[in-house]
Amino acid sequence: MPVITTIDDLKRIYRRRVPKMFYDYTESGSYTEQTFRDNTTDFGQLRLRQKVAVDMSGRSTAATMIGQPVTMPVALAPVGLTGMQSADGEIRAARAAEKFGVPFTLSTMSICSIEDVAQNTSRPFWFQLYVMKDEDFVDRIIDRAKAANCSALVLTLDLQIQGQRHKDLKNGLSAPPKLTLPVILDLATKWAWGLDMLGTKRRSFGNIVGHAKGVGDTSSLMSWTAEQFDQQLDWTKISRIRDRWGGKFILKGILDVEDARRAADFGADAIIVSNHGGRQLDGALSAIRMLPRIVDAVGDRVEVHMDSGIRTGQDVLKALAMGAKGTYIGRSFIYGLGAMGQAGVTKALEIIHKELDTTMALCGERDVLALRRENLLIPRDFSGNWA
Ligand SMILES: Cc1cc2nc3c(=O)[nH]c(=O)nc-3n(C[C@H](O)[C@H](O)[C@H](O)COP(=O)(O)O)c2cc1C
């Protein structure tokens, strides 16, 4: 067993174990992947301010996200097809999150259904909604999330049309994978993944098959989803969804100060500053670059969270010091899941937690809640000089 010390170590193991189609699905941004790359490299532009000779004992990373206590302010982001990275992947990831004491967010496009995850976990999780044209389907999935006792609805606003990810088209991405010759050849070297998958019945979109009209099997599914995202989604519709849900409500995919103001006026419980991990608008600024401006504009009125590009505890610290009250990891936990199942997600959380804790100490801070911009060395033009 190799010694695993970083999220990158998990990614290397993940790459060896999981079919290329699903690795590529994770490891892609849209179009030229400029925003995907910027999300991580821009974290590298921020530096940390070292402080010495301060009492660093008795540190705490405990915080709350939308009022919910968390071991550290790092939630698992909604990731479609998680159950293709590892059999029953959503259940495995949700269990790791609940043991660690951080929120798990289930995607609309998950393999395990809302009910599956609820039955196999003991604490409420969050549910992420994509708004479809079929209002009846949307109403029913909201009701299902309520019935499953989900404690927050995360409404994703930045994917009513898909940014193209070239590799998915070239690989013929599908769930379950179609057994073409290249796929069979690839699977021959990924036999442990295949055996694991043979052991579960959950191999298609569990929230959709059998729940959406006209989608009885997987062959009609890909075309159904592609056509179903509601391109007319606007604030009136968002309002309707919030009223039907009636609980904690998080708006995901905000990257613009005006949109953030609108979301704060609307009264969301939190917003997630995010560019969908660089998978949507290629050419958009990285989330960490946009974060301070959005915090300055609305941070006193709405809880500001962020994701996109977090691969280390140092990145988490930087986001919190910039003013985020919570962060999310997408790929970082998927690497762990694909590498080692539930234990791999736990490992990813442990790595990030330890990095956060040690870095906090070296910055002379004992409490994650006390992090602030003075902990950072921020290039003068970091927010950019974009007209
Ligand atoms: C493979 C993959 C699938 C994703 N699926 C969804 C999804 O179904 N719903 C959603 O709101 N966001 C989805 N996202 C975006 C994540 O929730 C999150 O915003 C992003 O992963 C953060 O960037 P990071 O991967 O650099 O941490 C997905 C991201 C990835 C990498």
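Candidates are the residues of the stretch 93-113 that are assigned to a helix (DSSP H, G or I) and small (G, A, S); the one that is farthest from the chain's Cα centre (by Cα) is A96. Counting only helices (runs of 4 or more DSSP H) that sit completely within the stretch 122-221, those holding 3 or more residues that are away from the ligand (no atom under 16 Å from the Cβ) correspond to 135-147, 181-188, 191-198. Considering the stretch 1-42, the residues that are assigned to a loop (DSSP other than H, G, I, E, B) and among the acidic types (D, E) include one that is nearest to D282 (Cα to Cα), namely E33. Name every residue in the stretch 39-63 that is without any contact (Cβ under 8 Å) to a residue 24 or more places away in the chain and farther than 23 Å from L255 by Cα, in order of residue number. The one that is without any contact (Cβ under 8 Å) to a residue 24 or more places away in the chain and farther than 23 Å from L255 by Cα: A53. Scanning the stretch 34-53 for residues that are within 12 Å of the ligand (Cβ to nearest atom) and among the charged types (D, E, K, R) yields R37, D38, D42.
Of the residues making up the stretch 368-387, those that are in a helix (DSSP H, G or I) and either without any contact (Cβ under 8 Å) to a residue 40 or more places away in the chain or open to solvent by 100 Å² or more (accessible area, probe 1.4 Å) (or both) are L369, A370, E374.
Out of the residues in the stretch 135-186 that are of a type in the set (G, A, S) and more than 22 Å from V209 (Cβ to Cβ), state the one that is most open to solvent (accessible area, probe 1.4 Å). Once the filter is applied, the top-ranked residue is S151.
Set side by side, the residues D300, D282, D296, D265 differ, and just one is outside any helix (DSSP H, G or I), more than 15 Å from the ligand (Cβ to nearest atom) and open to solvent by 10 Å² or more (accessible area, probe 1.4 Å), which is D300. If the condition is being assigned to a loop (DSSP other than H, G, I, E, B), surrounded by fewer than 22 Cβ atoms within 10 Å (Cβ to Cβ) and more than 14 Å from the ligand (Cβ to nearest atom), then the stretch 67-92 contributes G67, T71.
The values are calculated or read from the model by the stated rules, or taken from the named source; none is laboratory data. Keep in mind that this is a model prediction, so the values were computed, not measured. Methodologically, a virtual Cβ is constructed for each residue, glycine included, from the backbone with ideal geometry; neighbour enumeration extends over all protein chains shown. For accessibility, only protein heavy atoms count, side chains too; no ligands or nucleic acids. Shrake-Rupley method; radii C 1.70, N 1.55, O 1.52, S 1.80 Å.
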